[in-house]
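A short write-up of the structure that comes next.
The values are calculated or read from the model by the stated rules, or taken from the named source; none is laboratory data. Just so you know, these numbers come straight off a predicted model, no measurement behind them. Counting neighbours? That spans all protein chains shown, and the Cβs are built from the backbone with ideal geometry, glycine included. With ligands, DNA and RNA removed, areas are computed over all heavy atoms of the protein, side chains included. Shrake-Rupley method; radii C 1.70, N 1.55, O 1.52, S 1.80 Å.
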Amino acid sequence: RVPSEPEKRWKIEETFLLKLPNLSLPDLNLTREEIILLNYLISQGSIFRHTDIEKYLFTLQEKLKAFLPHNEQLQHSLSKLDDIFIPSGKLLKNYSGKEEIIDDLIDSILLHKTCLIIYHAFSTDKTKTFYIHPLKLFEHDGGLYVFVRIVKHDSIRIVAIERIQKLTVLQEIFEYPSDFNPEKILDSAFTITFSDPITAKIWFSPDQAKYII
């Protein structure tokens, strides 16, 4: 810039950013349908109510609003995302105080790390200590559960998160079982209880048969 000349500024148009030669950039603008779907998924996080994890759902929702399209009418309607979905009204278990255990389980699943847990067994009302290979987390009827391989018995079991009293992540790496199929197990389970399959015949009254899937 020459001192005697007035100051000049240039800028690249926003639309040109997606048309650079020899360069393909994804369109990061979320559609209306994508925003509503993401908000619905966030609303399903009510299982983390009363825990430190809950605050991340609020911050995530606020960040989501920053992606609203630059359309005043659409922004006004989507700014009321909270009014679209009713949070789940089912009975939810309280996981306050279990945040560190949940975080450690997630890390162990991602890194395939063996864990040592102290666990209160509901059926026997006894506290046990054993080694596990955490495989998959899932939600069922307002509760959080994890598929694990019990090292001592070399068997797949389901463990309730709220009954884990202490979890220690070890440095030992385990090999993920190639034949593990959680969806298939849950499809064949009675609620979340599964064992060896049996053959049974069940009779339903005609007026109730149409409700059986």
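Which links in 98/201; 113/201; 113/184; 93/126 stretch past 32 Å when you go from one Cα to the other?
Numbers: 98/201 42 Å; 113/201 43 Å; 113/184 24 Å; 93/126 21 Å.
Violating the 32 Å limit, Cα to Cα: 98/201; 113/201.
Going 7 Å from the Cα of residue 162 along its beta-carbon direction, which residues of the stretch 95-123 have the amide nitrogen within less than 13 Å of the resulting point?
95-98, 122
Find out how many positive minus negative residues lie around residue 116, taking Lys and Arg as positive, Asp and Glu as negative, among other residues whose Cβ is under 14 Å from that of residue 116.
Working: positive: 113, 128, 149, 152, 166; negative: 104, 172.
Local charge sum for residue 116: +3.
Sorting 184, 128 by accessible area (1.4 Å probe), largest first, what list results?
Sorted by accessible area, descending: 184, 128.
Hey, if we sort 100, 172, 34, 54 by accessible area with the 1.4 Å probe, largest down, what's the order?
Numbers: 100 135, 172 110, 34 85, 54 55 Å².
Accessible-area ranking of 100, 172, 34, 54, largest first: 100, 172, 34, 54.
Spin-label point model (7 Å from Cα, Cβ direction): what's the residue 169 to residue 103 distance in nm?
That separation, rounded to one decimal, is 0.9 nm.
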